[in-house]
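The values are calculated or read from the model by the stated rules, or taken from the named source; none is laboratory data. The structure presented is a predicted model; accordingly, all values stated were derived computationally and were not measured. Quick reminder, even Gly has a Cβ in these numbers, built from the backbone with ideal geometry, and neighbours come from all protein chains shown.
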Amino acid sequence: MAESSRPADIGPRDDRWYLPLMAPNTRGAEFAWLDPTSIYINGEAFSDLLDDLCAELDPTRIDVVAGLDAMGFVLGAAIGARIGRGFLPIRKAGKLCVATDAVSFTNYSGRTQDMEMRTPAFAPGTQVLLVDQWVETGGTMDGAIRLVERQQGVVAGLCAIVFEENARTHEYRQKYTCTSAVVPGSSWQQQANRQTLDSFEHYRPELAFPQRQQIS
């Protein structure tokens, strides 16, 4: 069996032991300030992340899971599989070979982009859970909400590893059911809001490396 990546002395699951696996940005201001993909690389971490997110979801109120291009595809598809629902990709413009509806939005870096969704994607009244990797300014999520509502879908909720706290995400929490691995009011939330994690000071990429399977 593989050696566990989870620390032996870890406390309750709400400590979110996997969050320190995330890497700081080393590429410059035009990129996101951290990279959560090292969680996905580590099977145990990814499984626990999905457990934490899915524990807060009610599948009876979700008909389909929609993931936002691109990293929302990873979480969205995995969550859909976990709760037994299909997956709908919401893509950056120019990628789909079928009829689409498109909206413009401003992303976390301040750039204006277009995103699109196939049309028709679902019947009116379909309950759609929107999933992205990280919600910083909320602009990308706003575009996805508009696309779903244009097709008379119902936004069943929003889901991400974290929602940074600002006026737009506060509005989301007032209007929608928002599910995140980073719990509001926690020390992790405070670190996300200031856009630096304490764990960056001692970050080691090898902590997330997949463990080799060994035959006993």
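Within the stretch 104-139, restricting attention to residues that are modelled with pLDDT of 95 or more and among the β-branched types (Val, Ile, Thr), which residue is nearest to Thr179 (Cα to Cα)?
If we take residues in the stretch 104-139 being modelled with pLDDT of 95 or more and among the β-branched types (Val, Ile, Thr), then Val131 is nearest to Thr179 (Cα to Cα).
Could you list, in sequence order, all residues of the stretch 155-167 that are outside any loop (DSSP other than H, G, I, E, B) and buried (at least 16 other Cβ atoms within 10 Å of the Cβ)? If you could, list the steps in order and put the result at the bottom.
Taking the stretch 155-167 and keeping what is outside any loop (DSSP other than H, G, I, E, B), we get 155-160, 163, 167.
Within the stretch 155-167, Val155, Ala156, Gly157, Leu158, Cys159, Ala160, Phe163 qualify.
Is it the case, given these coordinates, that Gly143 is closer than 22 Å to Leu96 by Cα, modelled with pLDDT of 95 or more, under 18 Å from the mean Cα position of the chain (by Cα) and surrounded by 21 or more Cβ atoms within 10 Å (Cβ to Cβ)? First the steps, then the outcome.
Numbers: closer than 22 Å to Leu96 by Cα: yes; modelled with pLDDT of 95 or more: yes; under 18 Å from the mean Cα position of the chain (by Cα): yes; surrounded by 21 or more Cβ atoms within 10 Å (Cβ to Cβ): yes.
Answer is yes for this residue.
Between a residue in the stretch 14-38 that is under 23 Å from Cys54 (Cα atoms) and among the hydrophobic types (A, V, I, L, M, F, W, C) and any residue that is at pLDDT below 95 and surrounded by fewer than 19 Cβ atoms within 10 Å (Cβ to Cβ), which pairs come within a Cβ distance under 8 Å, given they are 6 or more apart or on different chains?
Trp17/Arg6; Trp17/Pro7; Trp17/Ile10; Leu21/Leu207
Do we have Ser186 as buried (at least 21 other Cβ atoms within 10 Å of the Cβ) and either of a type in the set (Gly, Ala, Ser) or more than 14 Å from the chain's Cα centre (by Cα) (or both) here?
When the stated conditions are applied, Ser186 does not pass them.
Is there a residue in the stretch 4-14 that is in contact with a helix residue (DSSP H, G or I) (Cβ under 8 Å, 6 or more places away or on another chain), buried (at least 17 other Cβ atoms within 10 Å of the Cβ) and at pLDDT 95 or above?
No, there is no match, as no residue in the stretch 4-14 is in contact with a helix residue (DSSP H, G or I) (Cβ under 8 Å, 6 or more places away or on another chain), buried (at least 17 other Cβ atoms within 10 Å of the Cβ) and at pLDDT 95 or above.
Out of Gln113, Gln133, Gln151, I need the residue that is over 18 Å from the mean Cα position of the chain (by Cα), under 30 Å from Met22 (Cβ atoms) and in contact (Cβ under 8 Å) with a residue 12 or more places away in the chain. Which one?
The unique qualifying residue is Gln113.
State whether the residues of the stretch 191-198 include one that is surrounded by fewer than 16 Cβ atoms within 10 Å (Cβ to Cβ), in a loop (DSSP other than H, G, I, E, B) and touching a Pro at 6+ places or on another chain (Cβ under 8 Å).
Yes.
Which condition number does Phe87 fail, the rest of (1) touching a helix residue (DSSP H, G or I) at 6+ places or on another chain (Cβ under 7 Å); (2) surrounded by fewer than 19 Cβ atoms within 10 Å (Cβ to Cβ); (3) of a type outside the set (Gly, Ala, Ser); (4) closer than 23 Å to Arg27 by Cα being met?
In the conditions (1) touching a helix residue (DSSP H, G or I) at 6+ places or on another chain (Cβ under 7 Å); (2) surrounded by fewer than 19 Cβ atoms within 10 Å (Cβ to Cβ); (3) of a type outside the set (Gly, Ala, Ser); (4) closer than 23 Å to Arg27 by Cα, Phe87 misses (4) alone.
Quickly run through the stretch 122-147 and pick out the residues that are not in a loop (DSSP other than H, G, I, E, B) and not β-branched (Val, Ile, Thr).
The answer is Gln127, Leu129, Leu130, Gly139, Met141, Asp142, Gly143, Ala144, Arg146, Leu147.
Quick one: Ala123 ticks every box in (1) small (Gly, Ala, Ser); (2) exposed (fewer than 13 other Cβ atoms within 10 Å of the Cβ); (3) under 30 Å from Arg212 (Cα atoms) except a single one, so which number is it?
Only one criterion in (1) small (Gly, Ala, Ser); (2) exposed (fewer than 13 other Cβ atoms within 10 Å of the Cβ); (3) under 30 Å from Arg212 (Cα atoms) is unmet by Ala123, namely (3).
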